[in-house]
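Okay, structure first, notes after.
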Amino acid sequence: MMAGRTKYTSDTPCGHCGSTTRTVYGAACWTCQTTKRPLQRDSRGKVSAWPAALRSRDGWLALCEQRKRERSGQRDTCTFGPFTASSTPTGKLSIQAPALGVSVPDASTLSFDQLNKLVRLYPEFLELLEWAGWV
């Protein structure tokens with residue numbers, strides 16, 4: 001650290017917000033960094049510690065790999081009675097049943113009442129939710 005300081009003024013402005021204040025550790029934009037993850041401060045207002053990371057490096061790389069496979073079109077598909085379910089590597093579940101007039105591109109948008117109604121009307125729908133890992 002530069003004489004116990006945690007930030008300094010740079011000559012080059014941030015490309016995102018235009019601020020010239022940078023962190024000593026890593027030279028990231030101070031304003032952008034504190035907006036994303038607020039700092040922990042002591043009683044004198046000095047930064048005591050950076051917040052814990054939201055993900056580990058391995059977790060972040062796994063998520064990037066899942067998103068890459070989703071963009072390439074990889075899907076798991078299974079049929080349960082009139083329902084056809086497709087699941088992406090990131091966990092997005094889409095449900096189609098053309099004979100029943102059901103087309104849900106993202107099942108996470110369904111409310112609990114809607115899911116419960118479909119389960120009561122169609123027992124195959126419960127099997128679909130078990131396959132997707134929702135139950």
Mind putting a number on the dipole of segment 71-135 about its Cα centre? Charges go on the C-beta only, +1 for Lys and Arg and -1 for Asp and Glu, and I need it in Debye to the nearest 20. 180 debye
Between Lys7 and residues 5 or more places away or on another chain, which pairs have amide H atoms under 5 Å apart, with H built 1.01 Å from N, and which residues are they? Val24
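Shape call for segment 90-135 from the C-alpha gyration tensor, a ≥ b ≥ c root eigenvalues: rounded (a/c under 1.5), prolate (a/b greater than b/c) or oblate? Before the final figure, lay out each step's value.
Details: a/c = 1.36, a/b = 1.11, b/c = 1.22.
Rounded, since a/c falls under 1.5.
Counting only protein heavy atoms, what percent of the accessible surface of segment 11-124 is carbon or sulfur at a 1.4 Å probe? All intermediate terms of the calculation are to be shown ahead of the outcome.
Values: 4050 of 7930 Å².
C and S fraction of accessible area: 51 percent.
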The simple spin-label model distance between Gln74 and Ser43, using points 7 Å out along Cα→Cβ, in nm, is 5.4 nm
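With the Cα gyration tensor of the chain in hand, give its eigenvalues times 5 under a square root as the equivalent ellipsoid semi-axes, listed largest first in whole angstrom.
Working: eigenvalues 472, 56, 36 Å².
Semi-axis lengths for the chain are 49, 17, 13 Å.
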Can you list residues from other chains, or at least 5 along the same chain, whose modelled amide H is less than 5 Å from the amide H of Phe80? Ala85
What ³J(HN,Hα) values, in whole Hz, does the Karplus curve 6.51 cos²θ - 1.76 cosθ + 1.60 give for segment 61-66 when θ = phi - 60°, with x put for Gly and Pro? 5, 5, 5, 4, 5, 5
Taking H placed 1.01 Å from N in the peptide plane, check which residues at least 5 places from Val102 or on another chain put their amide H under 5 Å from its amide H. Ala97
How much area per residue is accessible in segment 50-130 when the probe is 1.4 Å and only protein heavy atoms are counted (Å²)? 67 Å²
Peptide ranges 103-114, 123-134 listed from the most packed, as the mean C-beta count within 10 angstrom indicates: 123-134, 103-114
Restricting to lysine pairs 8 or more places apart or on different chains, what number in the chain have Cα atoms under 30 Å apart? 7
Spin-label point model (7 Å from Cα, Cβ direction): what's the Thr90 to Glu65 distance in nm? 1.7 nm
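As a test of the formula, what do you get for the chain when each DSSP H run with n ≥ 4 contributes -39,500 (n - 2.57) and the sum is divided by the residue count, at 222 nm and rounded to the nearest 500 deg cm²/dmol? Show your work: numbers first, answer last.
Working: 4 runs with 42 residues, N = 135.
Theoretical 222 nm ellipticity from helices: -9500 deg cm²/dmol.
The values are calculated or read from the model by the stated rules, or taken from the named source; none is laboratory data. Since we're looking at a predicted model, the values are computed, not measured. Positions of Cβ are backbone-derived with ideal geometry, glycine not excepted, and every protein chain shown enters the neighbour counts. When the accessible area is computed, the model is the full protein with side chains, heavy atoms only, and any ligands, DNA or RNA have been set aside. Shrake-Rupley method; radii C 1.70, N 1.55, O 1.52, S 1.80 Å.
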